[in-house]
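Written out below as structure tokens is the structure these notes cover.
The values are calculated or read from the model by the stated rules, or taken from the named source; none is laboratory data. All values derive from a computational prediction rather than experimental measurement. Every residue, glycine as well, gets a Cβ built from its backbone with ideal geometry; the counts of neighbours run over all protein chains shown.
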């Protein structure tokens, strides 16, 4: 568990410095939906993903915005219902796929 916590802390530190640079580039629709999902998974730490989503929201097709909001809502629901194994999965996704969005 300590290794997982350390990985999340390192991923958070790495993404917080590169989020500003990443937010300046245009995300693909797929990346935009992933960023919205990461926002839902992050819970209280969603600010970094929210800023990426907000910066890339303009000019998106309505169906992409709808898919992104559905992905975020599904992620919030997943976090709420997660047991011990589910929480580990969520942390792994935050440290993996979501950290990659900020790289």
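Condition test on residue 29, is it without any contact (Cβ under 8 Å) to a residue 60 or more places away in the chain and out of contact with any helix residue (DSSP H, G or I) (no Cβ under 6 Å at 6 or more places or on another chain)? It is false that residue 29 is without any contact (Cβ under 8 Å) to a residue 60 or more places away in the chain and out of contact with any helix residue (DSSP H, G or I) (no Cβ under 6 Å at 6 or more places or on another chain). Against the condition at pLDDT below 95, touching a helix residue (DSSP H, G or I) at 6+ places or on another chain (Cβ under 6 Å) and in a helix (DSSP H, G or I), how does residue 53 come out, does it pass? Considered against the rule, which asks whether it is at pLDDT below 95, touching a helix residue (DSSP H, G or I) at 6+ places or on another chain (Cβ under 6 Å) and in a helix (DSSP H, G or I), residue 53 comes out as yes. For the stretch 66-87, the set of residues classified as under 11 Å from residue 36 (Cβ atoms) and either loosely packed, with under 11 Cβ neighbours inside 10 Å or within 15 Å of the chain's Cα centre (by Cα) (or both) consists of 67, 68, 69, 70, 71, 72, 73, 74, 75, 76, listed by residue number.
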